[in-house]
Every structure is written in structure tokens, then in C-alpha cells.
Amino acid sequence: DTQYIIFTSGTTGPSKAVLSSYLQGYAMGPQANPHIVDTDRWFINLPLFHVGGTIFVIVTFSTGGSCFIDTHFKTNEFWPTVRDNGLTGICLLGAMIPFLLKVPPRDDDKLHTLVKATCVPWNEDAMTVGRRFGIEMRTTFNMTEVSSPMVSDPYPPEPGTCGKPRDGVEARVVDENDCQVAPGETGELILRTDAPWAMNHGYYKNPEATAEAWRNGWFHTGDGFR
């Protein structure tokens, strides 16, 4: 059953309304993030009209843990909010990471409750934030239409990585004819899952876009991978 209709971020064109099942939400959230457990209290400060926010609400429902939903990210409020509410995990996106690095170092940089973070993108700044503040850092690749198909172990050594395909997910990097490219070459990432309904089941009232994305039994991400 459709759990919700949620819009893509619109970074490469007009947003599309994605039909997302309960099973996709479960696959994207708790199934892809087994490191989040019932004792965690997750810091959610990403918008709930985006999967970056809703995914961790779904994880909380599944694990029986708790979450703190904030309305914004502000650098000077970040660590007081973590400490005051006993928060243990967060998803750090984009500009949050260099903003946290710009805070002058303090003797109590590691005196807080935050122990784990999912960080996108994975780069030198992300590694530095993790080491400075003593956080176990992971990265992932996800889209509104899929279900966190790639996740990493803590502190992957290669900047720019998106992690590895998780169990139950098959990934290929292909050319314009959907033929797999050689190692080291760049192509489009396409995906499919073992379990039915573990990714989107189309775009709302947009059969043309659905047919274009779901070709040859694979979901076409439109993203370049190597």
C-alpha cells in the first residue's frame, strides 16, 4: 500500500511526486540502517517533506527508540541542542559539515552524547568532523525513489565513496544502452531489489516519467557513478 506521496528535491528538474509504499519506507529506513537501535535518540532537523527527514522518523517507529524533531539547523544552537536533549545520532548533509568545522575548537568538543552520524557527501571535512567531535561516521547513497541502496561501514577510507550495495540490492553502472561499463569508467547507476515494492512504484499521474525511469527491469537513477 502507498504510505505517502513525497516529492523529489528537484535538483535536476521539476520535482516529481513519488508513490512510496510502507515496504519502501521500511527498506529505506530500519532495514538499511541496522546500526540505529532502540536506545538511540535521533536528531531530526531536516524537513519532513524530504526523505532525509522522514526516513529517521520511520526508523524510530520501527526500533522503538526516540527522536527529537527540530525546525532548523543553526550552528550556534547545534551542540547545546544535542547536550540538552541527550541526542545520539543525526544525518549531516552538505553545508552542515563545514559550518560545524568553523566553530572554534574547545576543550569540551567531545563532551556530548552524539555517537553516530550518517554523512552526505563523504569527504575530508566529514572525516575531520567525526574525529574532532568523536562521532562514528557513515555515508550512504539514497534518493526519494529508492531505499538507501548503498551504505558504508564507519569511516570509509575513500573520499567520494557512497558505500557498498547492501544485502538485497543489485547495482550496475551502465551506458546509454543499459550495457555495463568497464571498471573505472563512468556511467549511469541503475538499481533493483530482491524484495518486491522495496523501491518506488511510480510517479503520481506521470506514467511517461515512470516508464522512462523503470526500463529493462531496473530503476534508472540518472546519476553518474564510477
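Results, tabulated for the structure shown:
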{"read-out": "Relative pair counts by distance (%), Cα atoms of the range 1-69, 5 Å bins", "value": "4, 18, 25, 23, 17, 9, 3, 1"}
{"read-out": "Highest-fluctuation residue, Arg106, Arg132, Arg41 considered, GNM on the chain with Cα pairs under 10 Å", "value": "Arg106"}
{"read-out": "Calculated SAXS-style log₁₀ I(q)/I(0) at q = 0.13, 0.27 Å⁻¹ - the range 118-175, Debye, Cα scatterers", "value": "-0.35, -1.09"}
{"read-out": "Gained length - Lys74 relative to Arg106, 0.36 nm times residue gap less alpha-carbon distance", "value": "9.7 nm"}
{"read-out": "Förster radius 22 Å - calculated FRET efficiency between Asp84 and Thr39, Cβ distance, rounded to 0.05", "value": "0.75"}
{"read-out": "Residue-averaged [θ]222 nm for the chain, counting only DSSP H segments that reach four residues, each worth -39500 (n - 2.57)", "value": "-6500 deg cm²/dmol"}
{"read-out": "In order through the range 155-171: 3J(HN,Hα) via Karplus (6.51 cos²θ - 1.76 cosθ + 1.60), integer Hz, x for Gly, Pro", "value": "6, x, x, 9, x, x, 6, 10, x, 10, x, 7, 4, x, 10, 10, 10"}
{"read-out": "Packing-based order for 50-61, 1-12, using average beta carbon neighbours within 10 Å, highest first", "value": "50-61, 1-12"}
{"read-out": "FRET efficiency, Cys179 to His201 (Cβ-Cβ, R0 22 Å, nearest 0.05)", "value": "0.25"}
{"read-out": "Carbon + sulfur, % of accessible area of the chain - ligands and nucleic acids excluded, 1.4 Å", "value": "54"}
{"read-out": "With DNA, RNA and ligands ignored, accessible area of Asp175 (1.4 Å probe; Å², nearest 10)", "value": "50"}
{"read-out": "Cα-based shape type of the range 40-111, given that a ≥ b ≥ c are square roots of the gyration tensor eigenvalues and the cut on a/c is 1.5", "value": "oblate"}
{"read-out": "Dipole magnitude of the range 1-86, debye to nearest 20 (Cβ charges: Lys/Arg +1, Asp/Glu -1, about Cα centre)", "value": "180"}
{"read-out": "Lysine pairs within the chain, Cα separation less than 22 Å, 8 or more sequence positions apart or different chains", "value": "7"}
{"read-out": "Cα-only Debye scattering, the range 90-157: base-10 log of I(q)/I(0) at q = 0.13, 0.15 Å⁻¹", "value": "-0.36, -0.47"}
{"read-out": "Mean accessible surface per residue for the range 139-226, computed with a 1.4 Å probe while every protein chain stays in place, in Å²", "value": "55"}
{"read-out": "Between the range 182-226 and the range 57-132, the alpha-carbon center distance in angstrom", "value": "31"}
{"read-out": "Protection-proxy order for peptides 42-48, 142-148, 202-208, each taking the mean of Cβ atoms within 10 Å per residue, highest first", "value": "142-148, 42-48, 202-208"}
{"read-out": "Paired Rg and Dmax values of the chain, which use every Cα atom, in angstrom", "value": "18.0, 57"}
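The values are calculated or read from the model by the stated rules, or taken from the named source; none is laboratory data. Since this is a predicted model, take the numbers as computed values, not measurements. Every residue, glycine among them, receives a Cβ derived from its backbone with ideal geometry; neighbour counts consider all protein chains shown. Heads up: the accessible areas ignore ligands, DNA and RNA and are worked out on the full protein's heavy atoms, side chains in. Shrake-Rupley method; radii C 1.70, N 1.55, O 1.52, S 1.80 Å.
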